[in-house]
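Every number in this text was worked out from the coordinates using simple rules, so none of it is lab data. Note that this is a predicted model, so its numbers are computed, not measured. Cβ coordinates were reconstructed from backbone atoms using ideal geometry, including for glycine residues, and neighbour counts include every protein chain displayed.
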Amino acid sequence: MTAAGGLANHDTGYVYSDDRGRTWRNNAGTVVATTGGTPVAVSSPGTVVDPLGVDHALMNQESQAVDSAGQPHAVISYVPGRFTQCVTSYSAQRKQDGRTFFLSRAADGGWTQREVPVAPESTQRTKLVFDRTDNAYLVMPYGRIVAATKTSGWTDWKTVYSPDLNAFGEVDVDDSRLATDGVLSVMYQQASSGTTPSPIRVADFRLSSSATRL
């Protein structure tokens, strides 16, 4: 770590269990840990699927979702090396230069990272959900919604809703309602002034018949 003002998170790892947590396997299916025995560690073989050094203000636990084929996908964000190799102010530099990345696992076990061409402009988390045909929706801080289609291989990211919700920071999404009803239901708190309480609201977005349109 080269500066105390950044965050020492590094790498994105992946392990899974198919026996209710008794054993844990890496991306290749090799057992690397057992509950009550050997723990998962950064040094466990084959667990890092998207390497990244420290000092990039990485947030690597933002959101995860599984598509209809059972493959996992995740959203992370950090300050890319094209801006700096050493974040010295976590909050300021994430807001200015932080970028969101979509990680996806293919059936053959390969992982792909794609940069989402919409900056989060926030230190907070983005939520990832899939609709019934595996189109992906990212609900960013303040309520901006960005989407990509499964048919494009999740490469055609575009903004489908620019927020006018007056939302404060992170929002939450009812992923089960999207799967069952085709409604993107977003819960958020409106911004407040000083110590004045502000309301918590829910905004429902019904998806059109065209993929990734509200």
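Taking only C-alpha pairs under 8 Å that are 6+ residues apart, what is the relative contact order of the chain in percent?
In percent, rounded to a whole number, it is 13.
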Enumerate the amide H contacts of GLN124 below 5 Å, restricted to partners 5 or more residues apart or on another chain; note that Pro and chain-start residues carry no placed amide H. none
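Inverting the mean 1/r over all pairs of different Cα atoms, compute the Kirkwood radius of the stretch 12-206 and quote it in Å. Don't jump to the answer; show the numbers that get you there.
Details: mean 1/r = 0.0551 Å⁻¹.
It is 18.2 Å.
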Residues in the stretch 39-61 near a label at ALA28, defined as backbone nitrogen under 18 Å from the 7 Å Cα→Cβ point? 40-51
Proxy reagent accessibility, fewest Cβ within 10 Å first, across GLU62, GLU121: GLU121, GLU62
Starting from the amide H of ASP50, placed 1.01 Å from N in the peptide plane, find each other amide H under 5 Å away whose residue is 5 or more places distant or on another chain. THR12
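Are there trypsin sites (Lys or Arg not before Pro) in the stretch 35-100 that DSSP puts in a loop and that have at most 15 other Cβ atoms within 10 Å, and which ones? Show your work: numbers first, answer last.
Working: sites: ARG82, ARG94, LYS95, ARG99; in loops: ARG82.
Of the trypsin sites (Lys or Arg not before Pro), the ones in loops of the stretch 35-100 whose Cβ has at most 15 other Cβ atoms within 10 Å are ARG82.
Could you grab the relative contact order for the stretch 1-70? Cα pairs under 8 Å, six or more apart, rounded to a whole percent. Intermediate values should be presented prior to the final figure.
Details: 100 pairs, mean separation 27.6, N = 70.
After rounding, I find 39 percent.
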Can you compute 3J(HN,Hα) from phi for each residue in the stretch 45-56, using the Karplus curve 6.51 cos²θ - 1.76 cosθ + 1.60 with θ = phi - 60°, rounded to whole Hz and x for Gly and Pro? x, x, 8, 7, 10, 8, x, 7, x, 5, 6, 10
Work out from phi, with θ = phi - 60° and the Karplus expression 6.51 cos²θ - 1.76 cosθ + 1.60, the ³J(HN,Hα) of each residue of the stretch 191-198, listed in order in whole Hz, and give x for Gly and Pro. 5, 10, 10, x, 9, 5, x, 10
Take every Cα pair under 8 Å in the stretch 46-108 that's 6+ residues apart, average their separations, divide by the length, and report that relative contact order as a whole percent. 34
